[in-house]
Amino acid sequence: MKILKIYANKPTFREIHLQDGLNLIVAERADTSSEHDSRNGVGKSTLLEIIHFCLGSSVSNKSVISHLKETDWQFSLELRIDDAVVHVTRGFLTPSQVILRGDIHSLGVIDEAELFPRTEAICTLKRWKDLLGALVFGLDDQVLTESAAPSFRALISYFARSGRDAYIDSFTTSRQIRTWQKQVYNAYLVGLNWHHASKWEMLRENEKLVRTLTAASSKRSQSEMADLENERVRLSSERERLEAQVANFKVVPEYRAVETAARNLTRRMRELANESSILSQMIEKYELQMETESAEDLNKVRQIYADVGLLFPDRLNRELEQVLEFHTTVTRHRREYLSNEIIRLRSQVDQIQLQLSRLDTERSEQMQLLSDGGAVEELGNLQFRLGRTLERLHETDKKLAGLETVAIDEATIASDRQALLSRAVIDRAERRPRWSAVIAKFVEATDHLYEESGALNFGLNENGFTFETKMPRQRSGGVENMAIFAYDLALTQVWSTRENHPAFLIHDSILYEGVDERQIALALQYAMTKGEACGFQYLALINSDNIPRADLAELGLNWRNHVRLELKDDDPAHTLLGYRF
């Protein structure tokens with residue numbers, strides 16, 4: 001695909017015709033310009049965005065041409081696609097559709113069965129981009145339906161870099177390009193297997209999903225898994241114990257009445273035991289008193305007196321005899337009383353013991369009944385505890401299953417990553433003739449620019465393809481910019497050998513900022529030579545003071561013969577659109 005002409009529906013627009021080889025759009029600072037005049041807004045970046053607009057780009061609020069939204073401006077490109085010449089027109093009033101005119105029958109836009117082939121058709125913007133993807137890059141319907149696949153808009157940006165972000169490095173055309181997109185786009189362009197880059201992205205997405213399932217690292221997950229295993233064993237034992245209790249549980253009718261009766265029996269037995277203890281103490285006391293009660297006490301007194309030689313008078317002896325007789329009578333009656341009391345108390349103790357034995361038997365029966373079963377409430381409590389244990393066991397099993405799944409997924413991803421790397425290494429070797437051709441062209445370009453070869457590397461690691469340029473580290477400026485130039489020229493030359501290919505390369509003036517004049521001259525000469533030899537167009541949007549006139553003259557290149565349009569800042573009529581904005 002070549003761009004033959006760029007035009008618009010306004011007479012103020014300055015039409016541009018392009019040819020094979022070198023094409024220059026020069027922004028000139030006029031002699032009459034004041035110090036406040038600027039070449040910003042004269043139309044260099046506007047022209048680049050117009051080309052992208054006609055090739056299906058969206059217009060953001062940051063775009064240079066965003067001020068044309070909701071106006072009746074229409075822009076057109078005359079394109080050569082294979083042997084067909086097609087005019088594509090897109091306007092701001094209907095940006096979701098494009099108008100195609102010319103040799104559109106061979107593009108597949110209209111039904112081939114029509115008796116009178118039309119020369120004009122309207123198609124949707126999406127259909128236009130899909131059509132360009134198929135015609136220019138060979139993106140068929142199968143590719144377009146795959147996830148993480150290249151698109152026409154992504155690929156064409158490497159042949160028409162737009163905006164300052166497009167000149168950060170050789171392999172990206174925007175800061176918004178993610179790693180997987182960089183790998184997919186460049187792999188497709190240089191001849192590597194872009195499907196491998198797409199699969200690496202799928203692995204990254206799966207890995208990201210696995211990481212969302214657990215915030216812990218693998219080490220922490222293993223520790224947590226061990227804790228959960230122990231918790232599961234404990235809960236399983238608790239479940240078995242509670243299930244056995246529930247299975248063997250007997251509901252006792254009137255359980256509370258039985259429980260109350262058992263408590264009353266226990267209390268009555270305690271009261272009787274206390275009473276028996278008191279009675280036993282009284283028996284011991286009475287028995288002790290009987291042992292101490294005796295009528296021999298006075299006789300002992302008399303004997304003591306006789307032993308010391310003292311004698312009682314007869315009258316006193318008679319009185320002592322009477323006292324002794326009275327004391328003996330009283331003692332006999334006292335002993336009889338104590339004996340009767342001891343017999344009575346012992347009888348009470350025996351009765352209490354019989355009653356305690358009966359109560360103990362009755363209480364044992366009640367306690368056996370309680371031990372064999374329980375109340376309905378207790379059964380409900382056991383069932384509730386069993387339910388809670390089962391819930392916790394289920395939660396533990398669920399967590400364990402999740403961690404086990406994560407571990408399996410992590411191991412699977414690691415295995416898949418290594419397997420993919422192995423396949424990619426083999427496939428890369430098989431495709432060496434294709435991607436090494438890009439490297440050869442890059443080396444050739446850098447050698448032309450610096451008389452010292454740079455290096456272009458397409459590597460592989462466990463995260464996918466790696467892309468790297470190494471340029472000769474000379475004292476000249478803008479070396480990295482020239483790496484972009486060399487890479488883009490290499491891609492354009494390699495693609496020019498294919499049946500379907502973009503046959504143009506566009507660079508904005510940003511590429512030449514800070515580059516030594518000698519390298520700019522050599523770059524323009526190289527692009528001209530290769531463009532004419534390979535049949536592609538090189539379009540440079542360049543400021544007049546960046547044109548290395550002396551160096552170009554030394555190389556024998558008359559740059560003015562390649563100027564397709566001069567843009568000036570002295571008069572709005574000399575800008576691209578015919579007015580300043």
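Just checking, which of Glu201, Glu207 is open to solvent by 40 Å² or more (accessible area, probe 1.4 Å) and either at pLDDT 85 or above or part of a helix (DSSP H, G or I) (or both)?
Glu207
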Subset of the stretch 136-156 that is touching a residue at least 24 places away in the same chain (Cβ under 8 Å) and not aliphatic (A, V, I, L, M) - its residue that is surrounded by the fewest Cβ atoms within 10 Å (Cβ to Cβ):
Ser147
Pick from Thr446, Thr389: which is at pLDDT 85 or above, in contact with a Lys or Arg (Cβ under 6 Å, 6 or more places away or on another chain) and not charged (D, E, K, R)?
Thr389
Candidates Leu288, Leu265, filtered to the one that is loosely packed, with under 15 Cβ neighbours inside 10 Å, part of a helix (DSSP H, G or I) and modelled with pLDDT of 65 or more:
Leu288
Considering the stretch 333-376, residues that are within 60 Å of the chain's Cα centre (by Cα) and open to solvent by 60 Å² or more (accessible area, probe 1.4 Å), and then whichever is modelled with the highest pLDDT, we arrive at Ser371
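One line per residue, one yes/no per condition, for (1) among the small types (Gly, Ala, Ser); (2) without any contact (Cβ under 8 Å) to a residue 24 or more places away in the chain; (3) touching a Leu at 6+ places or on another chain (Cβ under 9 Å):
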residue: Gly459; (1), (2), (3): yes, yes, no
residue: Asn481; (1), (2), (3): no, no, yes
residue: Ile484; (1), (2), (3): no, no, yes
residue: Trp495; (1), (2), (3): no, no, yes
residue: Ile506; (1), (2), (3): no, no, yes
residue: Ile520; (1), (2), (3): no, no, yes
residue: Ala523; (1), (2), (3): yes, no, yes
residue: Ala533; (1), (2), (3): yes, yes, no
Condition met for Thr71 (more than 45 Å from the chain's Cα centre (by Cα), outside any strand (DSSP E or B) and either at pLDDT 90 or above or surrounded by fewer than 15 Cβ atoms within 10 Å (Cβ to Cβ) (or both)):
no
Would you confirm whether or not the stretch 475-484 contains a residue that is under 17 Å from Ala187 (Cα atoms) and modelled with pLDDT of 95 or more?
yes
All conditions in (1) of a type in the set (Val, Ile, Thr); (2) open to solvent by 30 Å² or more (accessible area, probe 1.4 Å); (3) at pLDDT below 95 are true of Ile413 except (2)
How many of the residues in the stretch 2-55 are at positive phi and either modelled with pLDDT under 95 or open to solvent by 40 Å² or more (accessible area, probe 1.4 Å) (or both)?
2
Output yes when any residue across the stretch 77-96 is under 20 Å from His52 (Cβ atoms), outside any helix (DSSP H, G or I), open to solvent by 30 Å² or more (accessible area, probe 1.4 Å) and acidic (Asp, Glu), and no when none is.
yes
Check Asp569 against each of (1) at pLDDT 95 or above; (2) open to solvent by less than 10 Å² (accessible area, probe 1.4 Å) and name the one condition it does not meet.
(1)
Could you tell me which residue of the stretch 157-179 is surrounded by the most Cβ atoms within 10 Å (Cβ to Cβ), considering only residues that are polar (S, T, N, Q) and in a loop (DSSP other than H, G, I, E, B)?
Thr173
In the stretch 223-253, anything of a type in the set (Ser, Thr, Tyr) and either modelled with pLDDT of 85 or more or open to solvent by less than 50 Å² (accessible area, probe 1.4 Å) (or both) is listed as Ser236, Ser237
Could you grab me the full set of residues in the stretch 382-402 that are open to solvent by 30 Å² or more (accessible area, probe 1.4 Å) and under 15 Å from Asn230 (Cα atoms)?
Arg392, His394, Glu395, Asp397, Lys398, Lys399, Ala401
Evaluate the following for Asn193: is it at pLDDT 85 or above and either open to solvent by 80 Å² or more (accessible area, probe 1.4 Å) or in contact with a Gly (Cβ under 6 Å, 6 or more places away or on another chain) (or both)?
no
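The values are calculated or read from the model by the stated rules, or taken from the named source; none is laboratory data. Since the structure is predicted, the reported quantities are computational estimates derived from the model, not experimental observations. All Cβ positions, even for glycine, are placed from backbone atoms using ideal geometry, and neighbour counts span all protein chains on display. Keep in mind that these areas ignore ligands, DNA and RNA; they rest on the heavy atoms of the full protein, side chains included. Shrake-Rupley method; radii C 1.70, N 1.55, O 1.52, S 1.80 Å.
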